[in-house]
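The values are calculated or read from the model by the stated rules, or taken from the named source; none is laboratory data. Note that the structure is predicted; figures quoted are calculated from it, not measured. As a convention, Cβ positions derive from the backbone with ideal geometry for all residues, glycine included, and neighbour counts pool all protein chains shown.
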Amino acid sequence: MNKRKADNSKDNPDAHCLPMGFMQFHTHPEPRKIVQTSGMVLIIYEANSGLRQIFTDGRKLPGKDAQPWWYGYSVGKWEGDTLVVETTGFIDGIWLDVQGSPLTEEAKVTERFRRTNVGTLEIDVTVDDPKAYTKPWSVRVTQRLMPDAELIEFICEDRDATHYVGAETK
């Protein structure tokens, strides 16, 4: 992480039109939509056209031989009014947040989504990644809900990243 900061975050995936880090989506100011069906919760992020599938059909997380994904594989279940989501199967070395905190293929992330009132969504996130951190850690994110808002298309062009300090020009 220190090297990522020292390099002025020039390799931040968001700056190169790549999928943002898992926590970046939770803290990013751009809107998102949450769509619930009988077997899945789909989160559509306006930022970088992010898309997460959280399977709620009773399936288990895939084994260690599964193809890694930027956002991993997510399964969820309801515990009362809280959606509990477990995610594994991340690409090794991705950025977790805008500071460049690492997330490795060993990570397991647990999220607890709870709507505390009409306009608020509270998400408790626990990161357990023994390859990157000495012990699991947790954070709470609070989001404002805007159910009638519309998403707009998000266009990103990597060619604009050449102005970052330390970025190579082509």
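Quick check on region 7-25. Is at least one of its residues modelled with pLDDT of 90 or more, part of a loop (DSSP other than H, G, I, E, B), more than 14 Å from the chain's Cα centre (by Cα) and not aromatic (Phe, Trp, Tyr)?
Step one: of region 7-25, the residues modelled with pLDDT of 90 or more are none.
Within region 7-25, not a single residue is modelled with pLDDT of 90 or more, part of a loop (DSSP other than H, G, I, E, B), more than 14 Å from the chain's Cα centre (by Cα) and not aromatic (Phe, Trp, Tyr).
Looking only at region 46-64, count how many residues are at pLDDT 90 or above, among the charged types (D, E, K, R) and exposed (fewer than 13 other Cβ atoms within 10 Å of the Cβ). Show your work before the answer.
If we filter region 46-64 for residues that are at pLDDT 90 or above, which is where we start, we get 52-63.
Next, from what is left, pick out any that are among the charged types (D, E, K, R): 52, 57, 59-60.
Checking which are exposed (fewer than 13 other Cβ atoms within 10 Å of the Cβ) leaves us with 57, 59-60.
Residues that pass the stated criteria total 3.
Which of the residues that make up region 127-145 are farther than 16 Å from PHE25 by Cα and part of a loop (DSSP other than H, G, I, E, B)?
ASP129, PRO130, LYS131, ALA132, TYR133, THR134, LYS135, PRO136
In region 110-131, what count of residues is obtained for those that are touching a Leu at 6+ places or on another chain (Cβ under 8 Å), modelled with pLDDT of 95 or more and hydrophobic (A, V, I, L, M, F, W, C)?
The qualifying residues number 2.
Sort through THR88, THR82 and tell me the only one that's more than 20 Å from PRO102 (Cβ to Cβ), among the polar types (S, T, N, Q), touching a strand residue (DSSP E or B) at 6+ places or on another chain (Cβ under 7 Å) and surrounded by 13 or more Cβ atoms within 10 Å (Cβ to Cβ).
Numbers: THR88 fails: more than 20 Å from PRO102 (Cβ to Cβ).
When all the criteria are applied, what remains is THR82.
Which residues, counting only those in region 32-60, are assigned to a loop (DSSP other than H, G, I, E, B) and among the charged types (D, E, K, R)?
GLU46, ASP57, ARG59, LYS60
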